[in-house]
Amino acid sequence: MRLVLLGPPGIGKGTQARRLQQEYGWTAIATGDLLREAMANNTPLGEQARAYVQRGELVPDELVNRMVFERLQSLESFILDGYPRNLSQAQVLDAFLRERHQPLHAVLAFELDDEQIVQRLSGRRVCPQCGAIYHIVANPSRAGNRCERCGTTLITREDDHPDTIRRRLTVYREQTEPLITYYEQRSLLQRVDASGDPETVYQRVLHALSIQPDSPPR
Ligand code: AP5
């Protein structure tokens, strides 16, 4: 399966990508996670990306494209979470996949009102070690303020502060939302209602992908 997850910040793309990876073994590539890892390790890419991420702006295309294609080289199945994020990235991805005869199977566009998105983002806690995603109300860690998988103290993401959240939502509307039409025109788009708990959304995701629950990986 080669899948793109589209949707505003905080709608739950990462939560669903991790679930699909866990259940079906498709590799989830989250550009935001890769950039945060590069920033934490102070790599040249991380240093170049830091100011953009902190402002809630998109990191320049050439940096992100290179980072994604390095990972896609060796994969048959993947879930792209947070990429592509503008028309130029989508076109470059199309060309890359065409050359490899690996067309996308589907693009899921998650939909939710802004008020619930802000609630999800303001209650998010993440594990800086293993990347697990929690929410203080909807999905709290059973280990309190520690990660229930690896025991690391949970943190609030640097860009989950009100001003940056607003900026990220604006950037999404201006630069990423046009991709909905782009993929609709290519008959790849499936809209997914992202309201309800993560399990409910996951069942909608399976339905959108025409997957019977508990069916084997493909
Ligand atoms: P990125 O990390 O991709 O952030 P984002 O797209 O803004 O998405 P988020 O990770 O914030 O949210 P999500 O939809 O994954 O939601 P989650 O599952 O965590 O990007 C960060 C930055 O990196 C960008 O601003 C940019 O600077 C840069 N960048 C990244 N990609 C780039 C690219 N391609 N080009 C250029 N720059 C790029 O869920 C959110 C919360 O809600 C969690 O607390 C979760 O537990 C909770 N939750 C999830 N589902 C539910 C549910 N159904 N009900 C209740 N709560 C839920």
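Taken together, the values in this text are just the output of simple stated rules run on the coordinates, not laboratory data. These numbers come from a predicted model, not from an experiment. Every residue, glycine as well, gets a Cβ built from its backbone with ideal geometry; the counts of neighbours run over all protein chains shown.
Data overview
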quantity	calculated
Contact order relative to length of the chain, as percent, for alpha carbon pairs under 8 angstrom and 6 or more apart	30 percent
Top of SER122, SER195, SER187 by mean-square fluctuation, Gaussian network on the chain, Cα under 10 Å	SER187
Label-point separation in nm, ARG55 to ILE136, each point 7 Å along Cα→Cβ	2.9 nm
Antiparallel DSSP beta bridges within the chain, percent to nearest 5	25 percent
The chain: DSSP helices with Cα axial extent of at least 27 Å and average Kyte-Doolittle hydropathy no lower than -1.0	none
Under-5 Å amide H pairs with HIS135, H placed in peptide plane, nonlocal only	ARG125, SER141
Loop-located trypsin sites (Lys or Arg not before Pro) in the range 68-111, at most 16 other Cβ atoms within 10 Å (DSSP)	ARG100
